Structure formats: C-alpha cells, structure tokens
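Trainee: The structure's right below; bear with me while I get my questions together.
None of the figures in this text is laboratory data; all of them are computed from the coordinates on show. It should be emphasised that the depicted structure is a prediction, and the values quoted were computed from it without experimental measurement. As a convention, Cβ positions derive from the backbone with ideal geometry for all residues, glycine included, and neighbour counts pool all protein chains shown.
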Protein chains: 2
Amino acid sequence: MEDSERRSACAVSMALEAVGDKWSLLILRDLMFSEKRTYGELQNSEEKIATNILASRLVNLESNGLIRKETDPADSRRNLYFLTCKGIELLPVIVELMQWMAKYNPEASACIEQSKEYKKDRVSLYSSLIKKLNKNHLK
Amino acid sequence: MEDSERRSACAVSMALEAVGDKWSLLILRDLMFSEKRTYGELQNSEEKIATNILASRLVNLESNGLIRKETDPADSRRNLYFLTCKGIELLPVIVELMQWMAKYNPEASACIEQSKEYKKDRVSLYSSLIKKLNKNHLK
DNA sequence: AACTATTACTTTCATATTGCAAGTTAAATT
DNA sequence: AATTTAACTTGCAATATGAAAGTAATAGTT
C-alpha cells in the first residue's frame with residue numbers, strides 16, 4: 001500500500017488496512033487450524049464466503065505476503081494455498097480474538113481447546129502452534 | 001447478535017462480526033492509548049473517520065458492551081466514552097496487531113515502545129497495560 | 001479421441017456499506 | 001438574546017459485498 005492511500009502510519013491502522021475486514025482473518029484461521037489448502041475447500045467453510053470475495057481476498061493476502069500459492073503437483077487444476085512466515089505470525093491475533101469471544105460468549109466455539117496450557121502460559125501456546133505451522137506451511 | 005444472522009458459532013468469526021471492520025479497533029486504540037474521551041476528540045484522530053461512521057461505530061461498540069457512555073459532569077453537551085472490562089480485554093489483540101505490523105513494516109509506528117519489556121514477556125506487558133486501563137476506565 | 005466432470009476462478013447485477021458535506025438540536029458562553 | 005460549541009443526523013454519490021450464473025483449463029471416463 002502506498003503512503004498516499006494510507007490513513008496513517010500507525011501500526012494498528014496499517015494492520016487493519018491489511019486484514020481488518022470480516023473475511024481475511026477467517027481465511028487465515030482455516031489455513032492455521034484446518035487442513036484446508038484449496039480454493040474449493042476454503043469456499044466450503046462454515047461461513048460460506050462468496051466466491052468472488054474469496055478470490056479477491058486471496059489476491060490481497062498473497063500480495064500482502066501473508067499466503068503463497070502453488071500448483072498442486074498431483075493435479076494441476078488445483079492450487080494450494082500456504083501461509084508464509086508473515087501470515088503465520090498473525091496467529092497470536094487470531095488466538096486472542098478467539099479467547100476473547102469464548103470468554104464473553106459461552107456459545108462461541110474455539111478452534112483450539114481452552115486448555116490448561118493456555119491458562120498457564122499464552123506465549124508458549126503461541127510458540128508451539130507456530131512451530132507446527134512452520135513445519136506444514138513453509139517451503 | 002442473533003444466532004440467525006451469525007455466520008457461524010466460531011469464536012473467531014463472532015469476534016470479527018463485533019470488531020472486524022476498519023474502524024472499531026481504531027476507536028478502541030484511541031481509548032486505550034490516548035486521553036481521548038469525547039466524540040470530537042475521537043473524530044480528530046489522525047485517520048479522520050467520517051462523522052456518521054464514528055457515530056454508528058460508537059453505537060455498535062456500546063451495544064456490544066465494549067464501551068460505556070457518560071455525560072460529562074463538567075459540560076452536559078459533552079459525552080465521555082470509557083472502555084468496559086470487555087473492551088479493555090481486547091488490548092492483547094490490538095497490541096499483537098501493532099507488533100506484527102511494526103515487525104513487517106519499518107514505517108509503521110507503534111503506539112507503545114517496542115521495549116525490552118515486550119521482548120521479555122508479552123503477557124506481563126498486557127497485564128500492566130490492562131491494570132492501568134482498569135484504573136482509568138472502570139467505574 | 002470425444003465427452004463429462006471438476007477446479008478455480010470471472011462476470012453481472014442487485015443490495016448494503018462507506019464517506020463526504022451540509023443540516024439539526026441542545027447546552028454553554030458572551 | 002445572540003453566538004458558539006458539541007454531538008450527532010440526513011441526503012446522496014461512490015465503493016464494496018453477495019448471490020447466481022458463466023468461462024477456461026485440466027483431469028478422468030468411455
């Protein structure tokens with residue numbers, strides 16, 4: 001994003017310009033917490049994102065360097081989407097949002113268990129999750 | 001929000017339905033990291049939110065229980081906006097977004113210093129900031 | 001080789017949201 | 001009493017979103 005079209009240089013504002021919409025973080029959630037890797041799989045998420053919006057978000061996420069697209073070696077019709085390091089490092093944001101909602105609305109279901117691990121030490125939870133993602137997503 | 005208009009019961013999705021737009025978290029940022037408390041002050045933030053959008057976001061935030069509105073005892077034209085406990089507990093989300101952007105874009109300025117404190121221990125940083133906010137915002 | 005199915009989009013169009021600018025209301029100040 | 005200030009509200013144009021149908025390329029089937 002160019003300086004000129006930026007609202008400000010505030011890090012929070014800039015972050016929101018990248019992922020501050022109702023879908024981008026949900027796509028990242030799927031890449032983080034499920035085995036979904038293809039367009040079709042992402043489209044079939046519970047929330048039923050419209051196909052044109054999914055396409056546009058994937059382009060944004062890729063051009064912001066949060067995901068990487070690769071042709072499936074087993075079927076060249078298919079593309080596989082992977083998180084980059086930069087994308088993986090949004091995991092704490094997603095986990096914090098999840099824990100926050102789970103705390104304030106009992107109907108909200110968290111992708112990861114509200115384990116003792118979390119209550120003990122959030123940061124080591126982040127690290128262990130990030131480690132796993134690095135293994136599955138990075139080249 | 002009613003079950004019927006919910007995309008899903010996923011905590012991440014529900015959280016994004018509450019604050020997943022380009023402005024809500026920015027308003028919370030101002031309440032957290034500046035002394036801004038009135039409509040006019042919030043409107044004059046660097047990002048220049050449109051007045052009707054600010055009004056609508058304040059209504060949303062209040063009806064979601066993230067902020068609380070009070071008439072200024074010193075001037076009854078003025079309203080003061082304060083964070084609730086629920087609002088304050090979004091601080092980790094905002095801090096993580098901020099740190100993430102600051103890491104990946106050197107032009108991004110963080111509201112709080114990228115201090116040794118953060119590098120040492122994020123969680124104790126959260127606690128100390130939350131403590132301060134509790135003091136200034138809660139009744 | 002021809003046909004069908006599948007995958008990843010793109011296009012179209014109706015609806016909803018955003019943003020700018022100007023207007024309103026009530027209370028404080030002069 | 002007149003003016004100013006603060007917090008909105010309203011109207012309207014521009015942009016973004018969402019539903020549905022369409023397209024292009026490759027894979028699988030006959």
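Trainee: Residues with beta-carbon under 12 Å from that of A:Asp30, excluding A:Asp30: net charge, scoring Lys, Arg +1 and Asp, Glu -1?
Mentor: Once positives and negatives cancel, what remains is 0.
Trainee: What is the magnitude of the charge dipole of chain A about its Cα centre, with +1 placed on the Cβ of each Lys and Arg, -1 on the Cβ of each Asp and Glu, and no other charges, expressed in debye to the nearest 20?
Mentor: Magnitude of the dipole: close to 400 debye.
Trainee: Please get the size of the charge dipole for region B:17-82, origin at its Cα centre, with Cβ charges of +1 on Lys and Arg and -1 on Asp and Glu, quoted in debye to the nearest 20.
Mentor: Charge dipole of region B:17-82: 80 debye, to the nearest 20.
Trainee: Under a plain spin-label model, where a point goes 7 Å from the Cα along Cα-to-Cβ, how far apart in nm are A:Lys103 and A:Lys22?
Mentor: 2.5
Trainee: If Lys and Arg each add +1 and Asp and Glu each add -1, what is the summed charge of the other residues whose beta carbon sits under 11 Å from the beta carbon of A:Asp21?
Mentor: Around A:Asp21, the surrounding residues sum to +1.
Trainee: How much net charge surrounds B:Thr71 when only the other residues with a Cβ under 15 Å from the Cβ of B:Thr71 are counted, with Lys and Arg +1 and Asp and Glu -1?
Mentor: Result for the local shell: +2.
Trainee: For the pair A:Thr38 and B:Cys111, what calculated FRET efficiency results from E = 1/(1 + (r/R0)^6), where r is the Cβ-Cβ distance and R0 = 45 Å, to the nearest 0.05? Can you show the working numbers first?
Mentor: Values: r = 38 Å, r/R0 = 0.85.
That gives a FRET efficiency of 0.70.
Trainee: Need one value for B:25-37: mean number of C-beta atoms belonging to other chains within 10 Å of its residues' C-beta atoms.
Mentor: Working: counts 5, 7, 0, 1, 5, 1, 0, 1, 2, 0, 0, 0, 0.
Partner-chain Cβ atoms within 10 Å, mean over residues of B:25-37: 2.
Trainee: GNM on chain B, C-alpha springs below 10 Å: top fluctuator among B:Ile49, B:Ile27, B:Ile88?
Mentor: Top of the fluctuation ranking is B:Ile49.
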